[in-house]
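S.K.: Submitted below is the structure of interest, expressed as structure tokens.
The values are calculated or read from the model by the stated rules, or taken from the named source; none is laboratory data. Small disclaimer: the values here were computed from a predicted structure and weren't measured. With ideal geometry, Cβ positions are generated from the backbone for all residues, glycine too; neighbour counts draw on all protein chains shown.
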Amino acid sequence: MVDSGRGSETTKEELMDTLHWTKQILGLILGATAGVLKFTGFPTIVGFAIILSGISLFYVWNVIKADHIEAWDIVSEAFGPGFFSFMLAWVLSYTFL
């Protein structure tokens, strides 16, 4: 159980599910932003990975205050689908805008 600081407790599975959907949405937002700003190349992908990992770690450790969850679990949870969302939004917004 994870104390969310709001008087309720959240299971690790619920937290990981929340992270999954959050990373999907962040992937779309960051991808569309990168496409509109016409970013290209490998540095954009590395920047996405760093931003997404940082936001995930900040959310879990500072907002939820779940210190017992491993950092690798937080970073790797739904990274693939988030990356797909990022690439899709990046390519479409870069191409059509």
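S.K.: Spot the failing condition for Glu13; the list is (1) out of contact with any helix residue (DSSP H, G or I) (no Cβ under 9 Å at 6 or more places or on another chain); (2) closer than 30 Å to Phe96 by Cβ, and only one is missed.
M.R.: With respect to (1) out of contact with any helix residue (DSSP H, G or I) (no Cβ under 9 Å at 6 or more places or on another chain); (2) closer than 30 Å to Phe96 by Cβ, Glu13 is out only on (2).
The rows are residues; the columns are (1) closer than 30 Å to Leu97 by Cβ; (2) crowded, with 19+ Cβ neighbours inside 10 Å; (3) at pLDDT below 85.
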| residue | (1), (2), (3) |
| --- | --- |
| Arg6 | no, no, yes |
| Glu9 | no, no, yes |
| Thr22 | yes, no, no |
| Ile25 | yes, no, no |
| Val36 | yes, no, no |
| Trp72 | no, no, no |
| Pro81 | yes, no, no |
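S.K.: Any residue in the stretch 56-79 that is free of Cβ contacts under 8 Å to residues at least 12 places away in the same chain sitting within a Cβ distance under 7 Å of a residue that is surrounded by 12 or more Cβ atoms within 10 Å (Cβ to Cβ)? List the pairs, counting only those 6 or more apart or interchain.
M.R.: Short answer, once both residue conditions are applied: Asp67/Trp61.
S.K.: Same structure, new question: Go through the stretch 10-47 and report how many residues are closer than 21 Å to Val60 by Cα and among the basic types (Lys, Arg).
M.R.: The qualifying residues number 2.
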